[in-house]
Amino acid sequence: MENGAVYNETTEPEAKAPRRRPFGCTLRHLWGWRLPAKVVQAIFSFVAVVCEEVVEDCSYCSGLYFFEFISCSAFLLSLLILCVYCTDMYESLGKEKVQKL
């Protein structure tokens, strides 16, 4: 009896690894009007951060500092949302955890 014949009968065929897109990008979870809305939100919040940084001199800067905090936070959070929904992180975290986030 040959070892090769017995070995081949008891093993499963080798499965191919699933094909992955670069950086795990997918638009499966942000489709329709949601993707353009999130992209526009990220662009507008980035423009707000840039406009705030252009201001060189101000009399009462507390409002400007508040605007800087809000616009920077909006930019970072919109990038986070785009990264989670447009990559494989959505599947790895799970739908319930993403909704809680």
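Give me the base-10 log of I(q)/I(0) for segment 27-100 at each q in 0.13, 0.21 Å⁻¹, Debye formula, one uniform scatterer per Cα, rounded to two decimals.
Computed log10 I(q)/I(0) values: -0.49, -0.89.
Using alpha-carbon pairs under 8 Å, 6+ residues apart, how would you state the relative contact order of segment 36-101 in percent?
In percent, rounded to a whole number, it is 40.
Could you calculate the contour length gain from residue 68 to residue 100, that is, 0.36 nm times the residue separation minus the distance between their Cα atoms, to one decimal place in nm?
Gain on stretching residue 68 to residue 100: 8.9 nm.
Taking 0.36 nm per intervening residue step and subtracting the Cα-Cα distance, what contour gain separates residue 80 from residue 33 on full extension?
15.1 nm
Values quoted throughout were computed directly from the atomic coordinates according to the rules given, and no laboratory measurement underlies them. This structure is a prediction, so every number in the text was calculated from the model and none was measured.
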